[in-house]
Every structure is written in structure tokens, then in C-alpha cells.
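The next block holds one structure in the form of C-alpha cells; read it before the comments.
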Amino acid sequence: MKCEKIQELLSPYLEGELNPEEKRLIQEHLEACKECLILFSSLSEAQRSLSDFPQLEVSESLLNRLYSIPAKKKRFRLSFDFLLRPSLQPVLAAATIFLTLISFYAFNPNRKAIDKSIDRQLHLGLNKVEKLYAKAETFTSSLGEYKDNILVSLKNMKIFGGTKE
Amino acid sequence: MQINNIVKKCLDGSEGAWRMLVNAYSKRIFNMAYQFAGSFEEAEDLTQDIFLKLYNSLSKYDFKKDFSAWFFTLSKNHLIDHYRRTKWEKKTRDEFDEHFLASETDDGPEIGLVKEESKRTIWSALNSLPSEIRMTVILRDVQGKSYEEVAEIMSLPLGTVKSRINRGRLQLAKILKEKKEIENEV
């Protein structure tokens, strides 16, 4: 058997997991091959050293930190519980949309262009309102001239008790 | 008290039950973190993170399963994730910190020195193993768990666990062998 194949079987050999035939093959190879014998001795030394690792004690400060986890979580939960109320959800949603829009405006590289377009839209709106107001004024003044005639016509209508003529 | 009862009481908000859980597992988890990370302070922080994760995940625990295996799997996942996140920030550790050396045995000075040297070599060699292989070797050879327990904690088939442990041990043995050969030449 080649050294590579033997080396793969060294760990199971150390654990006593091989069948008698495989065991015999390994023993024979180790007697004949110095390289594999040194590797086997290093393997058992490494395993011994690993199992010899000392167990460290947990420090008092760490224990106290671990004990206090539920209390800390409870405090955190109490202080932020009100944010989870269902009645606050529409307010939080509106605040999120508002903040998103504000951040979109604040961090936009074309902020000046946005300012300009808002300014233009505001002026256009203002102009429209002024025009409408002017139209409304001319309409009321023209109505004033015919006010008396309209009243008489209304009074003479049949439904208000007048004659058709 | 049985572990499942302790967990139920923890879920009901009992701080006494939580203390019992901490007392039962803190040493094992802390040592596992220390063996994996190699630094005392880092192991303390990792243990705290793991217990915080445990507290948040207790409600997801399936009472039909073995609690220890479930908790060790959670710890293993956290340790490997943390290692993956931070491996580029760290330099390779090649020496054990003072906490390990302070806990050396009372062997004679020469034997103690040889043992210390050998353990240092093993530790640095252990750190050179890939994280998944390192964890399987720690669970099996340092913590002395059975192959079946390791397979459950690692969530891997038994055959894969055995081959990983085999590969890890061989790698460690080759590093030791090379070191011995260099020392002999000197």
C-alpha cells in the first residue's frame, strides 16, 4: 500500500476503528517506513496535546454580564414599547414618507434645478389664481347690472307664484 | 430541574431560571469560544454575544430536540460567522495568550517547557486550519465529544465529520513533523 493511502488511515488506526486486516497492513507499513512512523508519532502527540488543553474559569465580570441580559432586554423593551402601538402606525408611516421625501430633496445633487422647478410651478399657480380672481370680479360686476332684471324675471316665474308673461 | 423546564421558565420571564442556564453552560461556551478564537477578551465578548443570541432565540427552540446540541449548534454558527466577518482584520495568532500559559501544569521545569512549546505549536497549527475543520477538531479532540455529537452540532453527515477530523489531524501532524525535522537539523 502507498504512503498516501496509509496516512489517510492513521487517524482511524489511532481511534481503533480499523478491521484486523487493515490494522495488520498499517503495522507492517509503519515497521518498514520511517516517514510514516514519524508522522504517526506526531499525530498521536498532536491529539494528546489537544486533549490536554486546560479548561479556563469564567470571570465574575462576564458572569454578571450574562446574568443581566434579561433585565437589559426588559428595559429596552419598556422604553421602546410605545413605538409598537398599532395606533401610532399611520403616524410612523406618514413620518417615514415625509422623511424620505425630505432626504431625497436634501441629498439630491440637482437640488438647484429642483428649487427652480418648484419656484416656477409656484409662480404659475399664483398667476392662475390671480387670473381666476380677476375673472370672478368682472363676472360679479356684470351680474350687478342685470341683478334687478333677473330678480323680476324670477319673481314672475310660475313656480314662485307669478305669471308666465 | 430538567433543562426543558428551565427553558420554559426562562420563556415565562424567570430570572432565576436564566441564571441556572448561564451557570450550566457559560463555562463550556466560554472555553469553546476561547479554543476557537485564541484570545481571552475576544472569547468573553463572543460568549456574551452567544448568550444574547440564545435569549432572543429561546422562543424558537423545539422542545423535542436536545437542548445542548441545539445550543452548541447556535454557538458554532456564531463563532464561524464571526470568524468569516473578521478574518481579514486580524493577523494570524501564533502564540497563546497569558491566560493559557498561566494555567500550565506543575511538571518539572524542563518537561513543562517542552510541553509548553509543543502546545504552542499545536495552537498555532490549529489556527491555520480552515474554520469548519478547526471547529470539528476542537469539538472532537479538545472537548472530547463523540463523532455522533459532533455530527449533530455541525449539522453534517457522520462520514463528512470523520473525513474532516482526519484531514485536520493529518494537517496538524504534518506541521508538527516539519517543525521537529527543522529542530533536528539545527
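Just so it is clear, none of the values below were taken in a lab; they were calculated from the coordinates. Since we're looking at a predicted model, the values are computed, not measured. Please note: Cβ atoms are built from the backbone with ideal geometry, for glycine as well, and neighbour counts cover all protein chains shown.
Remarks
- Cysteines in the protein assembly as shown that, by Cβ-Cβ distance, have no pairing candidate under 4.7 Å: A:Cys3, B:Cys10
- The range B:166-185-the range A:10-27 distance, computed between alpha-carbon centres (Å): 21
- Within 10 Å of the Cβ of each residue in B:25-32, the mean number of Cβ atoms contributed by other protein chains is 4.
- Residues in the range B:123-138 carry Karplus couplings, in order, of 4, 5, 5, 4, 5, 7, 6, x, 3, 5, 5, 4, 5, 5, 5, 4 Hz; the curve used is 6.51 cos²θ - 1.76 cosθ + 1.60 with θ = phi - 60°, and Gly or Pro positions show x.
- Length gained when the stretch A:Arg85-A:Glu130 is fully extended (0.36 nm per residue, less Cα-Cα span): 11.6 nm
- Using a Förster distance of 41 Å, the FRET efficiency for A:Ile118-A:Ile150 (Cβ separation, nearest 0.05): 0.40
- Cα gyration tensor category, rounded, prolate or oblate, for the range A:3-50 with a/c compared to 1.5: oblate
- When the charge dipole of chain A is built from unit charges on Cβ atoms (+1 for Lys and Arg, -1 for Asp and Glu) and taken about the Cα centre, the candidate among A:Ala106, A:Ser68, A:Thr138 whose Cα reaches farthest toward its positive end is A:Thr138.
- Separation between Cα centres of the range B:7-72 and the range A:92-122, rounded to whole Å: 48
- Over 26 Å apart at the Cα level, from the set A:Lys72/B:Lys65; A:Lys23/B:Lys177; B:Lys27/B:Lys65; A:Lys2/B:Lys179; A:Lys5/A:Lys34, are A:Lys72/B:Lys65.
- Computed on the range B:1-92, with alpha-carbon pairs under 8 angstrom and 6+ residues apart, the relative contact order is 25 percent.
- Helical segments meeting 15 Å axial Cα length and Kyte-Doolittle 0.0 threshold in chain A (DSSP H): A:3-14, A:34-51, A:89-106
- Peptide B:135-142 has a mean shielding of 3, counted as Cβ atoms of other protein chains within 10 Å of each residue's Cβ.
- Look at the dipole of the protein assembly as shown built from charges on Cβ: of B:Ile182, A:Asn149, A:Cys3, the Cα furthest out on the positive end belongs to A:Asn149.
- The mean number of partner chain beta-carbon atoms within 10 angstrom of a residue's beta-carbon across peptide B:168-176 is 6.
- Helical contribution to [θ] at 222 nm, DSSP H n ≥ 4, -39,500 (n - 2.57), averaged over the protein assembly as shown, rounded to 500: -25000 deg cm²/dmol
- Computed lengthening from B:Ser59 to B:Arg19, 0.36 nm per intervening residue step minus Cα-Cα distance: 12.7 nm
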